[in-house]
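Input: a single structure, listed below in structure tokens.
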Amino acid sequence: MTENRADVLILGGGVVGLSCAWFLLQQGRRVTVLERGRVGGGASHGNCGTLTPSHSAPLAMPGMVVKALRMMGRKDAPFHVAPRLDLELLHWMTRFAARCNWTDFNTANRSKAAILTHSRALIGELVAAQSLQCGFAERGTLYVFRQQQALDEFGWHARSLREVGIAVDELGGAELRAKEPSLRDTVIGGVFHPGDAQLRPDRFVAELARIVRAAGARIVDNTAAEDFLLEGDRIAAVKTAAGQEHGDEVVLALGAWSPQLGRRLELRIPVQPGKGYSITYARPQQAPRIPLILKEDSVCVTAWDDGYRLGSTMEFAGYDETLNRLRLDALRRGAARYLHEPEGPSVSEEWWGWRPMTWDDLPILGRAARWRNLSLATGHGMLGVSMSAASGELLAEILCGKATTLDARPYSPQRFHL
């Protein structure tokens, strides 16, 4: 049994935990990162790697409940809830439904836009300054439509982005196909977001781990936090199978696993695991030049120099670890409706992972009230990569007692009484 000490002990070696580590190291803190599996092996690994201020609109908006109910009967729908008795999920969905109004939408939209826009800039700066080899490219994203009614109903999107200072260009079908020749004639219109970017998420996380180690952090793979040694209102140590780990400060950055460990601290963290899927291929000859969101089918498409990925879907099935082939088949069918060459010549990976979903669609970042030396960095939903750098910077500023670059209040754990 061993015993180790750091200024800050971070539980979770995904993109958010490593980003927290990086910014804390820049403030001169000694950092240890504990990862229950391998670094970057969770939700950081298989997403589509887009950096998207364009995704500032919260999921909770007027009409979303009706839309979700219409999908409930389809097991291959972009949104699916596995039938089961789950009182925590029921409570989560009740709170989510209560926010499906324009007042809450506009408030969350401003807060998401702030963290996404700032994080997008920070990631670009970090990639350049540290020469991160992760396929970073500033190409924007295209949201494309096949149906005029769906495009018309999407009119709120451009308005909501412009209200928070995010650029968006509305394009007709011919303009879209000229901009992105991989699209079929079935596409009738859409919107372009010039401020978005892309990278290969697994390589970005690997590069983050590399520079975090080089800056002096200790990263421990395959070491799960199992319990805590508590003294008064402080966490005195984190217990693992290999012994105790000590930190003057502890950061819980376990993504969808945060609620399970949080129970050990008498915290009810309002995060549900939203299961997403992706398929990674060898790059097709006619791959998109610009990342795409195929709106009616909710499929994200990203191409890199050496790969190609279809991803998305949202499945609330608890911590179910099975790979649902209906979800993968839905990604393939959806892509075929929009693209000349929807799949690559060979499949290199079929993947699923849990996104940490909060019912107000904002991350949980900051100090917890219950324990004096505990902070939370979780609840990033489908945008953990996009929000990662700003989240790490904000946590580091809070823990180091500095004025925060972003207004920290919208993301505070105190809104959930944590």
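Counting lysine pairs in the chain that sit 8 or more residues apart in sequence, or on different chains, and whose Cα atoms lie under 24 Å apart gives 11.
Can you give the translational diffusion coefficient of region 151-215 in µm²/s, computed by Stokes-Einstein from the Kirkwood radius over Cα pairs at 10 °C and 1.306 mPa s? It diffuses with D of about 108 µm²/s by this estimate. For the chain, the Cys residues with no second cysteine's beta carbon closer than 4.7 Å are 20, 100, 134, 400. When each of the peptides 328-334, 207-213, 284-290, 379-385 is scored by how many other beta carbons lie within 10 Å of its residues on average, the order from highest to lowest is 379-385, 207-213, 328-334, 284-290. Quick one: helix 201-214 against the long Cα principal axis of the chain, what's the angle to the nearest 10°, folded into 0 to 90? In the chain, helix 201-214 runs at an angle near 30 degrees to the longest axis. Over the C-alpha atoms of region 335-396, the Rg to Rh ratio, Rh being the Kirkwood estimate, stands at 1.21.
Specify whether the C-alpha gyration tensor of region 70-188 places it in the rounded, prolate or oblate class, a ≥ b ≥ c being the square roots of the eigenvalues: rounded for a/c under 1.5, otherwise prolate if a/b is larger than b/c and oblate if not. Because a/c hits 1.5 or more and a/b fails to exceed b/c, region 70-188 counts as oblate.
Normalised by the number of residues in region 320-418, the average gap of Cα pairs under 8 Å and 6 or more apart makes the relative contact order 25 percent.
Excluding ligands, DNA and RNA, the accessible surface per residue across the chain is 40 Å² with a 1.4 Å probe. A simple charge model with +1 on the Cβ of Lys and Arg, -1 on the Cβ of Asp and Glu and nothing else charged puts the dipole of the chain at about 340 debye relative to its Cα centre.
Each 20 Å bin from zero holds the following percent of Cα-Cα pairs in the chain: 28, 59, 13, 0. Rounded to the nearest 5, the antiparallel percentage of DSSP beta bridges internal to the chain is 65%.
With all pairs of different C-alpha atoms in the average, the Kirkwood value for the hydrodynamic radius of region 117-157 is 13.1 Å. Figure note: 360, 152 ranked by solvent-accessible area, largest first, 1.4 Å probe, ligands and nucleic acids not counted: 152, 360. With the simple model of a label 7 Å out from the Cα in the direction of the Cβ, residue 102 to residue 129 spans 4.1 nm. Here region 42-68 is scanned for amide nitrogen atoms under 17 Å from the site 7 Å beyond the Cα of residue 326 along Cα-to-Cβ, giving 68.
Here the accessible area is traced with a 1.4 Å probe on the protein chains. For the chain, carbon and sulfur cover 49 percent of it.
The 3J(HN,Hα) values that the Karplus relation (6.51, -1.76, 1.60; θ = phi - 60°) gives for region 401-418 are, in residue order, x, 9, 4, 8, 4, 9, 5, 7, 4, x, 9, 5, x, 5, 5, 9, 6, 9 Hz. Gly and Pro appear as x.
As a calculated quantity, the FRET efficiency between residue 296 and residue 239 at R0 = 56 Å, using C-beta atoms, amounts to about 0.70. The charge dipole of region 110-170, taken about its Cα centre with unit charges on the Cβ of Lys, Arg, Asp and Glu (plus for the first two, minus for the last two), comes to roughly 160 debye. Would you calculate a helix-derived [θ] at 222 nm for the chain, using -39,500 (n - 2.57) for each DSSP H run of n ≥ 4 and dividing by the full residue count, to the nearest 500? So the helix-based figure for the chain works out to -9500 deg cm²/dmol.
Is the shape of region 280-327 rounded, prolate or oblate, going by the alpha carbon gyration tensor and its root eigenvalues a ≥ b ≥ c, with a/c under 1.5 for rounded and a/b larger than b/c for prolate? It comes out prolate by the Cα gyration axes. The ratio of the alpha-carbon radius of gyration of region 1-154 to the globular-protein estimate 2.2 N^0.38 Å is 1.34. Volume per residue for region 245-369 equals 162 cubic angstrom (convex hull of Cα atoms).
At an R0 of 41 angstrom, the distance between the Cβ atoms of residue 230 and residue 91 translates into a FRET efficiency of 0.95. When the alpha carbon coordinates of region 109-266 are projected onto the principal axes, the ranges are 64, 37, 27 Å, largest first.
The values are calculated or read from the model by the stated rules, or taken from the named source; none is laboratory data. Given the structure is predicted, the values throughout are model-derived calculations rather than measurements. Heads up, the Cβs are rebuilt from the backbone with ideal geometry, glycines too, and the neighbour counts pull from every protein chain shown. What goes into the accessible areas is simple: the full protein's heavy atoms, side chains included, and nothing from ligands, DNA or RNA. Shrake-Rupley method; radii C 1.70, N 1.55, O 1.52, S 1.80 Å.
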